[in-house]
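Below: one structure, written as structure tokens.
The values are calculated or read from the model by the stated rules, or taken from the named source; none is laboratory data. All values derive from a computational prediction rather than experimental measurement. With ideal geometry, Cβ positions are generated from the backbone for all residues, glycine too; neighbour counts draw on all protein chains shown.
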Amino acid sequence: MNSKILLPLLSLGCAYRLEGPKPTLEADQAGTLCGDLGRPQGVRGSGLSPMVIDGATDHPGIDLPDVCLVQVAEADGTPVADAEEICLPEQSVRWISQSEIEFTVGADSGVGPGVYDVLVRNPDGTEARGRFRLTVLGEGPLVFWVDPPYVYNGISTQIIVYGSALGEIERSGTCARWSTFSVTEPSRNFWKPDSP
């Protein structure tokens, strides 16, 4: 056979690329991390598919989908344009099924306070993003205890919160979210909100 015909045929055979399903993410998913980096976050969707690598060898493996974070806003809400992807290491990603994947943001990941789009990229390069927002809050106050320890719905009660750096609650982007209270006497170690 003529080598000019055989060479293009052989190169076509080697150009085959594996393709998997195109991932999609369910809409309106969100997560918040507050000094608890290392707490798993779950993403739901479809087509979240790992691939077998080196399947015809003595040492086959599995290539999991990549999970990357792209910052879209600072902690104070200022938009961020053209941020670099921060892809999490494979040991921080846990594939559960075609419809769910879990990831953990470690303290050494380089992720700072802000709002991030979560991007999931299958091993074949297809990706989905823009449907899961992860908010990473800065370090905030440390609560020691609350008095009274129980509050009953519908009963007006004065609540006192004891802790450290409680004056930081007023700052934007800290861990504490006290949406049901308004502060009357914030200080560094004693915080007394109005009754709900």
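Taken over region 48-69, the residue count meeting the criterion of being assigned to a loop (DSSP other than H, G, I, E, B), crowded, with 16+ Cβ neighbours inside 10 Å and touching a strand residue (DSSP E or B) at 6+ places or on another chain (Cβ under 8 Å) is 4. Within region 28-53, which residues are free of Cβ contacts under 8 Å to residues at least 24 places away in the same chain and within 25 Å of N122 (Cβ to Cβ)? Residue satisfying the conditions is V52 alone.
Set side by side, the residues G31, G38, G42 differ, and just one is part of a loop (DSSP other than H, G, I, E, B) and assigned by TED's automatic domain parsing to the domain that holds S92, which is G38. Looking only at region 112-130, residues that are outside any loop (DSSP other than H, G, I, E, B) and either at pLDDT below 90 or within 25 Å of T78 (Cα to Cα) (or both) come to 8 in all. When L12 is tested against (1) under 16 Å from the mean Cα position of the chain (by Cα); (2) at pLDDT below 85, just one condition goes unmet, and that condition is (1). Each residue in region 78-111 was checked for being assigned to a loop (DSSP other than H, G, I, E, B) and without any contact (Cβ under 8 Å) to a residue 40 or more places away in the chain, and 10 of them qualify.
Report whether or not P123 is over 21 Å from C34 (Cα atoms), crowded, with 16+ Cβ neighbours inside 10 Å and touching a residue at least 60 places away in the same chain (Cβ under 8 Å). For P123, the condition - over 21 Å from C34 (Cα atoms), crowded, with 16+ Cβ neighbours inside 10 Å and touching a residue at least 60 places away in the same chain (Cβ under 8 Å) - is met.
The single condition among (1) part of a loop (DSSP other than H, G, I, E, B); (2) closer than 19 Å to G130 by Cβ that V72 does not meet is (1).
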